[in-house]
Amino acid sequence: MASFIERMCLYRVLVLSVFLSITQAVDRSNFKTCDQSAFCSRQRAMKPGQSSYTALLETLELSDSHLTVQLLNNNNKVLLLLELYRLQGNMTRVKINELKPIKPRYEVPDVLITDPPTELMSVLAQDEHRVVLSLGGEDWRLILSAQPFRLDIMEGPQVLLSLNSRGLLAFEQLRIRKDTKSQTDTEEAGEKEDTEKHDKEKVSEGEEEEAEEEVDQPGMWEETFKTHADTKPNGPSSISLDFSLPGVEHVYGIPEHADGLKLKNTDGGDPYRLYNLDVFQYELFNPMALYGAVPVLLSHNTHRTMGLFWLNAAETWVDVSSGQGSSEVPQTDVRWISESGIIDVFIMLGPRPNDVFTQYSSLTGTQAFPPLSSLAYHQCRWNYNDQEDVSAVDQGFDEHDIPYDFIWLDIEHTDGKRYFTWDNNKFPQPKDMLQGLLDKRRKMVTIVDPHIKVDSSYKIHTEIRSRGYYIKNKDGGDYEGWCWPGNAGYPDFTNPEMRKWWASMFAYDQYEGSMENLYTWNDMNEPSVFNGPEVTMHKDALHGPWEHRDIHNLYGFYVQMATAEGQIQRSGGLERPFVLTRAFFAGSQRYGAVWTGDNAAEWGHLKMSIPMCLSLGLVGISFCGADVGGFFKTPSAELLVRWYQAGAYQPFFRAHAHLDTPRREPWLFGPDNTALIREAVRQRYTLLPYWYLQFYHAQRTGQPVMRPLWVEYPEDIATFSIDNEFLIGRDLLVHPVTDERSSGVTAYLPGNGEVWYDVHTFQRHDGAQNLSIPVTMSSIPVFQRGGSIICRKNRVRRSSSCMENDPYTLYVALDSQGNAEGEIYIDDGHTFKHKTDKQFIHRRLSFTANSLSSSDLSPDSQFPTASWVEQVNILGAQKPDAVTLTATDGGESSVEFEFDPDTAVLTLRKPGVNAGVNWTLHLR
Amino acid sequence: MFTNCSLGHCHIIVAVVLWSICVDSRKIRGISLSYKRFYRERKSFLCIDGSKMIPFDQVNDDYCDCMDGSDEPGTAACPTGRFYCTNLGYRSHYIPSSRVNDGICDCCDASDEYRSQTPCQNTCRNLGQRERAEVEGQTRVLGERLRLKQLLIEEGVLTWREKQAQLRDLQRVSDDLQTQLDDLRKEEARRKEEADALREREIGARETADNSPTSHYRPESPISVFKELDSNRDGSITVDEVQAKLSPVQDEEHALSEDEAVALLGGAHRVDLSRFEETLWTSLRTGDSVTIKGRRGVPGSLADEDPNIKAAVSAAEKASADLKRVEDAYETVYMEIRDLREKLSIDYGSEREFLFLHDQCFQLKVYEYIYELCPFSQVTQKSASGEVVSLGKWGSWAGPPENPYCQMRYESGEPCWQGPTRNTMVMLICGTETALRSVKEPSKCQYVMELQTPVSCQPALRQRGVHSEL
């Protein structure tokens, strides 16, 4: 066991040579800086100045749906085609491609849920220098300037956003290689100057008719990083474009980075990098690329929130530069650089944060509505050793009266890292095990990674090989790399046929030992290749006609897509899937949950879990969590408890631990800590109806579940940089304790005129203040917004399924006017019937004029529920003389109540009404 | 996670069937007989903690009124409540209220799922029968096991006595050898003095005769030179000693470097007499590189000359050899005594019942590994390729204070990659045979074994019966 595992680890060290280091921190030298990435270095060497592109207005064509115009590169005379679309919902799409590329350039498929519907564009004015287009509204305009080429989006006299205003549009056209001799990749310091000089000369000669012969630069046709050569048969193909955002000081998004919520200035350092990578022991506060990439950036100021969606799946770098623009107006400049593909950018014009979320989700879809149980607590470890171990851990939760819904098995459960199989010795009867869990209404997740052991006796491998579904190396053979099983092939998930086949492997008769309570975890899908460049795949590997270079950031997206599809299919399309992924791209929210990868048991990582998940939420991926306790290293009992307390209030709530760390099930740290963890987990379970409602909304509207404060308080500048606290939906504000031996935290309670109630003490606080909160080990500072109604289920049971029919307790938190509103959503918790058969309950709860009533928000839907209302707590209330209940049939009855004058909480005893019907409670 | 040891599965000895008289006509769900008195039907109900008075019809009305949960013994309404499974025919027990009507059968009499869709069967009678049969079987087996235990304890007593006797014998031999040693040391000193005196005399005579300053006649044997150089009398010559006592022939003021000294000792840092004769002694005899400080010439050629001296030297050598032999014997006995004392100092349990495990090893094959436990010594893991890894050396008993002998800790095994050293916790469980039952590795490099042995069986102290109750 241990020595085998050790060998695996040693093997990992050896194979990766310097990939692992004993120093317990990321080895930066394994990953490229911009300087070490030829195209980034080339592009970044280009400085702002006058653009060499001219829009040839005589080529302008305007159709109902879009406008096209050619762009001329004055230096090399290459023509580009610009396409402009006005999209429904206040968005503009700008596409730039070569007019006549010598071969097609990659355009990202499958990420947009539909061809975005367009709206009519009309020309308001035109002369030889510019064209002014109407974007609708009263005074929304788009100005296309010809020489130099730039685009400005205006509202009235104000520029909202400019494109190419710094002249950084650069589009390396595909070209025929001039010589067959390979260029050597050399250091470029000296040659950059030559390049610039060369460029200047070109500008001065710009009037000449003949195109300048372009000189090849190092790294254009071949590039070497460490020992890995990247042959570039297609030569240079990178693209770059700049955007200026006048009046903007705060920009967010472009995950995944282990960095604060607000993006930093990248001047003088590396740009933020988007390139899905398996980074061992990643560092905090760093623009280095991590496991996933969503090329979406949000800008925000007190007047307006906007978004930029750069639809490109190749390696991408993003420079952010904030400072004073002209006339001392703050300005943020953003520049995107990608290695290949085309420029395809969606400008989402807001103006409110929720508008941007709506706009973005209209393009890439919303968060998949997860099974209710997946919002509960997950217990994971690398690894639960065998069936007996699983059963002992399961039993441990019952003995210590801690609820959980899912137990997870990492790679060791398989037969030699052959996914879809079980280790016969350790898991001889997987169905018995799953049945045991099912009997307790619990579930399991097994890992299924996309690297497939090359082994002729392994059915999955032989099938993929014989069907030709593997990714090919540059020479046309099956690409092979090293990962957990040793030598492995990587299925080409970009191939829809392959995805279909993969999905079919999750059928109960294909995945032996699987049952309906078994779900899936896709790890290592960046893809991770231990002996590949930057621990990932060679860019010259081939996915059909496309290079891996073109699709890299999409690979993990497709893996999760195919897996989720498999889970849907195995139930005949009835059951909602649950799939966790480590790698992701724009649109991944449609397929399940994401976690922040291999973090560490350190206070800094606990803190970082908040901005990392907030950033993901802003770009559509709401179902986010970090490994509770930290993956690498061993948490102190205090850190573990604090992490449970924070994790209980983050969307995906799973404890996980590295193989080398001691066991850390919640009851192993003494009765006091067990009690603290139990309490944190129980708080999660009581709030499951609220979480479920938030995900219902997220699915419908694309609003993030876990939100930065500025999303709800967009005019309160004090909220713009806060990333140590957050909102769940609109109504719960959480400020987890993330410092060691903390005796207090200062939480900012936003909103002038808003009131906030401490959910534990019901103490009332006014908004727009920094509140000092003394804390003990049991404290989890959480506040409910005055004006909201939150439904909880206070009967916490062994698993969320056991709580299905339990009654609700309503927490009605009155605002300063004595009103409150909330919603309740109920369905079966796991099927698609809410969608297909309209089987659900969605009701509004509203407290106004001393009456609390429940009314139907979706009269055409139906769902029978046994749940009822057992208690109503009205926070900030006054003592009534009497309380009466008016039921659906009009019958009236009196309701007992208690009033606590110290806390101003009025508790109504057992209204007893069914949760799915109309009723009113009157306070007199 | 290792602090609670069960004393075996033997606490249920006899099934005691309790018959109670039906005292109450109104069934209050979820309470035990002893709590019935709190739930006598009146107008009102006082929460058992005395905190609140509520109308009696709010008892078990599926709404939690009492902080202590006492008003809802039969529903899931109170977070702190508990439900009493009467389990007629089997063992009654409490479950948390949250398990009432949760769709999972907890009470064998199915009483916890009175309002759920999950059909629960009353399995108490079967369980009771099975358990009673088991208990009977176990009672029988336990008798046998306790008998075996007694035998092993007796065996332990005998072994203990044997070892004590062995220790006494060894002690006697040791004392004896000590006396011999004293005599032989004196004898050796005397012989050496005699031989030295003869040499001195001879040298004196020769020096008178031949006043050569470079006289090569030195009446010394390898043993005496060895002893002379061996300043700390530890039976070996070290580099330090060479550096202290010897110098180069050409320059007596100059000290030998460590490397030079090592070279003289034939590349070793320490030599015994026989190695000395092969190495340094040869150098000293040729006399062209080093010499003993403050002395001229080459030692050791004189004895050949004079038969008297030769005889005296040989007698001295013999005395030395005799001494050496007895010293060796003494050393051996001394080590044996030390080992035995160490063994006897181990805690073998209150009745030395675990003594018999000493000198035994137990093996178990788990997947591709063979695990071996040698109690009070060590734990190892052997892989299919034959590689042996130490999983820990005997550390201490590690059970809870009330039952320390139910766990053994073996620690400081081979270090783990990037981690601490391997260690093993051995749980002792009651069984007929003494054998290794299981090996697990719950966390990396932390092993848990189960060693089954009759010695860990305990007579049933309490009789917790399977009983019936109304």
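The values are calculated or read from the model by the stated rules, or taken from the named source; none is laboratory data. Note that the structure is predicted; figures quoted are calculated from it, not measured. Neighbour counts are summed over all protein chains in view; Cβ atoms, including those assigned to glycine, are modelled from backbone coordinates with ideal geometry.
So here's what we get for this one:
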{"item": "Residues of the range A:665-687 classified as within 14 Å of chain B (Cβ to nearest Cβ) and within 20 Å of A:S799 (Cα to Cα), total", "result": "12"}
{"item": "Options B:I104, B:I54: the member that is over 28 Å from B:R132 (Cβ atoms), within 11 Å of chain A (Cβ to nearest Cβ), of a type in the set (A, V, I, L, M, F, W, C) and out of contact with any helix residue (DSSP H, G or I) (no Cβ under 6 Å at 6 or more places or on another chain)", "result": "B:I54"}
{"item": "One residue from A:E497, A:E534 being on the phi > 0 side of the Ramachandran plot, part of a helix (DSSP H, G or I) and not aliphatic (A, V, I, L, M)", "result": "A:E534"}
{"item": "Neighbours by Cβ (under 7 Å, 6+ apart or cross-chain): first from the range B:119-147, closer than 19 Å to B:V455 by Cα; second at pLDDT 90 or above", "result": "B:V141/B:T432; B:L142/B:C457; B:E144/B:T432; B:R145/B:C430; B:R145/B:T432; B:R145/B:P454; B:R145/B:C457; B:L146/B:C457"}
{"item": "Pick from the range B:363-421, criterion aromatic (F, W, Y) and within 11 Å of chain A (Cβ to nearest Cβ), ranking: farthest from A:H658 (Cα to Cα)", "result": "B:Y371"}
{"item": "Selection within the range A:878-924 - modelled with pLDDT under 95 and more than 21 Å from A:A849 (Cβ to Cβ)", "result": "A:D889, A:G891"}
{"item": "Hits in the range A:456-490 (condition: among the charged types (D, E, K, R) and within 16 Å of A:R418 (Cβ to Cβ))", "result": "A:K459, A:E463, A:R465, A:E480"}
{"item": "Among residues of the range B:326-372, those that are among the hydroxyl-bearing types (S, T, Y), assigned by TED's automatic domain parsing to the domain that holds B:G399 and within 26 Å of B:Q150 (Cβ to Cβ), counted", "result": "0"}
{"item": "Per-region count, the range A:254-312, residues over 14 Å from A:F31 (Cα atoms) and among the aliphatic types (A, V, I, L, M)", "result": "13"}
{"item": "Yes/no for A:F762 being in contact (Cβ under 8 Å) with a residue 40 or more places away in the chain, crowded, with 22+ Cβ neighbours inside 10 Å and either within 27 Å of the chain's Cα centre (by Cα) or not in a strand (DSSP E or B) (or both)", "result": "no"}
{"item": "Selection within the range A:664-704 - in contact (Cβ under 8 Å) with a residue 60 or more places away in the chain, of a type in the set (S, T, N, Q) and either touching a helix residue (DSSP H, G or I) at 6+ places or on another chain (Cβ under 8 Å) or under 17 Å from A:H760 (Cβ atoms) (or both)", "result": "A:Q683, A:T686, A:T701, A:Q703"}
{"item": "Any hit, the range A:618-627, residues being away from every other protein chain (no Cβ under 14 Å), part of a helix (DSSP H, G or I) and either out of contact with any Leu (no Cβ under 9 Å at 6 or more places or on another chain) or crowded, with 23+ Cβ neighbours inside 10 Å (or both)", "result": "yes"}
{"item": "Among residues of the range A:775-797, those that are within 14 Å of chain B (Cβ to nearest Cβ) and farther than 30 Å from A:Q395 by Cα, counted", "result": "0"}
{"item": "Matching residues, the range A:417-433, being within 22 Å of B:K365 (Cβ to Cβ), more than 12 Å from chain B (Cβ to nearest Cβ) and in contact with a strand residue (DSSP E or B) (Cβ under 7 Å, 6 or more places away or on another chain)", "result": "A:W422"}
{"item": "Filter pass, A:G647 being crowded, with 23+ Cβ neighbours inside 10 Å, at pLDDT 95 or above and within 14 Å of chain B (Cβ to nearest Cβ)", "result": "no"}
{"item": "Strands (runs of 3 or more DSSP E) wholly inside the range A:71-168 containing at least 2 residues that are on the phi < 0 side of the Ramachandran plot and buried (at least 16 other Cβ atoms within 10 Å of the Cβ)", "result": "A:79-87, A:91-98, A:130-134, A:140-145, A:150-155, A:158-163"}
{"item": "Filtered residues of the range A:596-626 (kept if in contact with a Lys or Arg (Cβ under 7 Å, 6 or more places away or on another chain) and either in contact (Cβ under 8 Å) with a residue 40 or more places away in the chain or hydrophobic (A, V, I, L, M, F, W, C) (or both))", "result": "A:G597, A:A600, A:A601, A:L606, A:G617"}
{"item": "Strands (runs of 3 or more DSSP E) wholly inside the range A:854-924 containing at least 1 residues that are within 37 Å of the chain's Cα centre (by Cα)", "result": "A:869-875"}
{"item": "Conditions (1) surrounded by 14 or more Cβ atoms within 10 Å (Cβ to Cβ); (2) of a type in the set (K, R); (3) at pLDDT 90 or above; (4) more than 33 Å from the chain's Cα centre (by Cα): number failed by B:K192", "result": "(3)"}
{"item": "Qualifying residue in the range A:397-406 (condition: away from every other protein chain (no Cβ under 14 Å), in contact (Cβ under 8 Å) with a residue 60 or more places away in the chain and under 26 Å from the mean Cα position of the chain (by Cα))", "result": "yes"}
{"item": "Residues located in the range A:798-842, provided they are within 11 Å of chain B (Cβ to nearest Cβ) and touching a Lys or Arg at 6+ places or on another chain (Cβ under 7 Å)", "result": "A:R798, A:S799, A:S801, A:C802, A:M803, A:D806, A:T809"}
{"item": "Qualifying residue in the range A:302-321 (condition: in contact with a His (Cβ under 8 Å, 6 or more places away or on another chain) and surrounded by fewer than 23 Cβ atoms within 10 Å (Cβ to Cβ))", "result": "no"}
{"item": "Test: residue in the range B:43-51 that is buried (at least 18 other Cβ atoms within 10 Å of the Cβ), within 14 Å of chain A (Cβ to nearest Cβ), closer than 25 Å to B:R115 by Cα and not acidic (D, E)", "result": "no"}
{"item": "Enumeration of residues in the range B:118-137 that are more than 24 Å from A:D401 (Cβ to Cβ) and within 14 Å of another protein chain (Cβ to nearest Cβ)", "result": "B:P119, B:Q121"}
{"item": "Identity of the residue in the range A:355-373, more than 14 Å from the chain's Cα centre (by Cα) and part of a loop (DSSP other than H, G, I, E, B), that ends up nearest to A:D344 (Cα to Cα)", "result": "A:F369"}
